[in-house]
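Down below is the structure, laid out as structure tokens.
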Amino acid sequence: EVQLVESGGGLVQPGGSLRLSCAASGFTLSDHYMDWVRQAPGKGLEWVGRSRNKAKRYSTDYAASVKGRFTISRDDSKNSLYLQMNSLKTEDTAVYYCARVGVGVIDYWGQGTLVTVSS
Amino acid sequence: QSVLTQPPSASGTPGQRVTISCSGSSSNIGSNFVYWYQQLPGTAPKLLIYSNNQRPSGVPDRFSGSKSGTSASLAISGLRSEDEADYYCAVWDDSLSGRVFGGGTKLTVL
């Protein structure tokens, strides 16, 4: 059974940093692209970025809103995906979801972890 | 403002058929597969339709998807109270080099 469990969310001040983790199980992480998607309170879904699979050398893409501030990495030996968030802004407040990408489609989602950026 | 345009709300009575539209452009819907997600209150999204009109196993055949040009639609027939949720379309955008989501449609079962 595919499972994705996010952790690391919490309250952080504007300008601060936070690192989210996503523990994956039930599939071979290195075979899959992985996305991060966020959802601000009461708002819709927003794609944050993605990490391609081992065959694509784990290359990454990011949304314009987070490029240069957020970094996606992974440790396949630990079955884990990470999202390093720096220079956080109040508008980054959201539930952050880790998601597995199947053949071009996000087919599994984690339960999400809440990040609140506030002074 | 979302790259993909969905109506903010839709409604229907039990047993009715409702459709939710998703309008995009040549760089997204016009050239890539469309996906639909259902998000029940307080939960993570769930894949409902992939590759424009395919249903994952376990998704009832009451749900169907279609695409024409730069627009797509999700149809739900035989509406049930448990279908009350937010629905999102999604697609890869070649110009933005990123995945884009519609703004979401809140479906109310009256």
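The values are calculated or read from the model by the stated rules, or taken from the named source; none is laboratory data. These numbers come from a predicted model, not from an experiment. Positions of Cβ are backbone-derived with ideal geometry, glycine not excepted, and every protein chain shown enters the neighbour counts.
Observations on the structure shown:
- Residue tally, condition modelled with pLDDT under 95, outside any strand (DSSP E or B) and among the β-branched types (Val, Ile, Thr), over region A:88-119: 2
- Residues that are among the β-branched types (Val, Ile, Thr) and touching a strand residue (DSSP E or B) at 6+ places or on another chain (Cβ under 9 Å) are absent from region A:22-31 altogether.
- Among the residues making up region B:41-55, those that are surrounded by fewer than 20 Cβ atoms within 10 Å (Cβ to Cβ) and within 15 Å of B:Ile76 (Cα to Cα) are B:Asn52, B:Asn53, B:Gln54, B:Arg55.
- Qualifying residue in region A:47-64 (condition: assigned to a strand (DSSP E or B) and free of Cβ contacts under 8 Å to residues at least 12 places away in the same chain): no
- Selection status of A:Tyr96, buried (at least 19 other Cβ atoms within 10 Å of the Cβ), among the hydroxyl-bearing types (Ser, Thr, Tyr) and in contact (Cβ under 8 Å) with a residue 40 or more places away in the chain: yes
- Residues within region A:57-76 that are more than 14 Å from chain B (Cβ to nearest Cβ) and surrounded by 15 or more Cβ atoms within 10 Å (Cβ to Cβ), tallied: 5
- Test: residue in region B:59-79 that is assigned to a strand (DSSP E or B) and closer than 20 Å to A:Trp36 by Cβ: no
- Test: residue in region A:95-112 that is within 26 Å of B:Tyr37 (Cα to Cα) and away from chain B (no Cβ under 14 Å): no
- Taken together, A:Lys89, A:Lys54 contain a single residue that is farther than 27 Å from B:Gly104 by Cα, of a type outside the set (Ser, Thr, Tyr) and away from chain B (no Cβ under 14 Å), which is A:Lys54.
- Cβ-Cβ under 6 Å pairs, at least 6 apart or on other chains, region B:14-42 side more than 23 Å from A:Val103 (Cβ to Cβ), far side of a type outside the set (Ser, Thr, Tyr) and outside any loop (DSSP other than H, G, I, E, B): B:Val18/B:Ala10; B:Val18/B:Gly12; B:Val18/B:Ile76; B:Thr19/B:Ala75; B:Ile20/B:Ala10; B:Ile20/B:Leu74; B:Leu40/B:Ala85
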